[in-house]
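Okay, so here's the structure we're looking at.
The values are calculated or read from the model by the stated rules, or taken from the named source; none is laboratory data. Computed from a predicted structure; not experimentally measured. Because the Cβ atoms are built from the backbone with ideal geometry, glycine has one as well, and the counts that use them run over all protein chains shown.
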Amino acid sequence: MCVYFILGVLPALLTPIAGLNCGNLRENQLYSGNEITAPDEYPWIGRIGYVHENGTTFTCFAVLIHQRYAIATAFCALSNADFDTLFILFGDWRENENFKVRDCRREGNIFQCSPPPQKVEIDELVVHPEYKNDIHNNIALAKLVRDVEFTDYVQPICLPPVKEADGNQIAQRLEIAGFRRPLWKGQEADEEGEWRRKVQVFTASRDFCESVAYPDWQNMTTNHLCALGDEEKTLYFGSPLMGIKIVDEKPKNFYLVALPISYMLLYSPKNLTLQVFVRIAPYRDWILKNTALV
């Protein structure tokens, strides 16, 4: 597997991302009130597997945008330097070590199952060339060794609209989906905590976030978004923060707003986390130019 730091335009060999069906949305799932997702809800979520000498760890997420490409954070692409192999699990509903069997769950009279996830190795990683191991330009692309198979459980999310304004996501409740991140080393999830879930965060202004955040967050730009969330519901880095495209007064599809890249626990207000995200819209052109690596 190769890691690249690329800015220029690469040969276009694949169908444009904009031409794909993406961001599948079932309106009834928006109002379910369930924190644990349905097995076919948010089918673009991928768990990055780092294969080490002592086993496999899953500490980051990626988001599928094309049958051959996923978006991740640069931190996740580079932070586990001692791995032997990188792969992504798409369509995984339950966070456990046995990902070769289907996951099934009963809630009341409802019994649901998802098929075994698709395991696809990463062929190449493209890290933004201006990433300097901090919160800036913390974005990467993963090219897979083969196309994923699109099913009800594995599908891409849409990229942000071309004209998404810099400030139109401030002071909103947005949904983020994935698996719960341990708040301290060694914390293990209970059985309910192993399932993929959706939670809400409340986005805040950069001025507010900089007033309470770490010193190295003091230079956030319009490429960032910050939000407050429940401490117990903090999800892994790379989990998708999503918006909804509205057409003819109806919710049509999800699009990728941002990825979480760092967080801190707040003491006031209590039991909240302050999270900083990398927005996707400012990197839309870079993503489109670099989704044809050879």
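Brief remarks on what is shown
- Qualifying residue in the range 230-249 (condition: at pLDDT below 90, out of contact with any Cys (no Cβ under 8 Å at 6 or more places or on another chain), surrounded by 18 or more Cβ atoms within 10 Å (Cβ to Cβ) and hydroxyl-bearing (Ser, Thr, Tyr)): yes
- Positions within the range 240-288 being part of a loop (DSSP other than H, G, I, E, B) and of a type in the set (A, V, I, L, M, F, W, C), in sequence order: Ile280
- Within the range 262-282, considering residues that are surrounded by 23 or more Cβ atoms within 10 Å (Cβ to Cβ) and among the β-branched types (Val, Ile, Thr), the one modelled with the lowest pLDDT: Val276
- Where strands (runs of 3 or more DSSP E) sit wholly within the range 24-78, none has at least 2 residues that are crowded, with 21+ Cβ neighbours inside 10 Å, among the basic types (Lys, Arg) and in contact (Cβ under 8 Å) with a residue 24 or more places away in the chain.
- On the stretch given as the range 139-172, residues that are touching a helix residue (DSSP H, G or I) at 6+ places or on another chain (Cβ under 6 Å) and within 24 Å of Asp92 (Cβ to Cβ) total 3.
- Filter result (modelled with pLDDT of 60 or more and at positive phi) within the range 170-197: Ala171, Gly178
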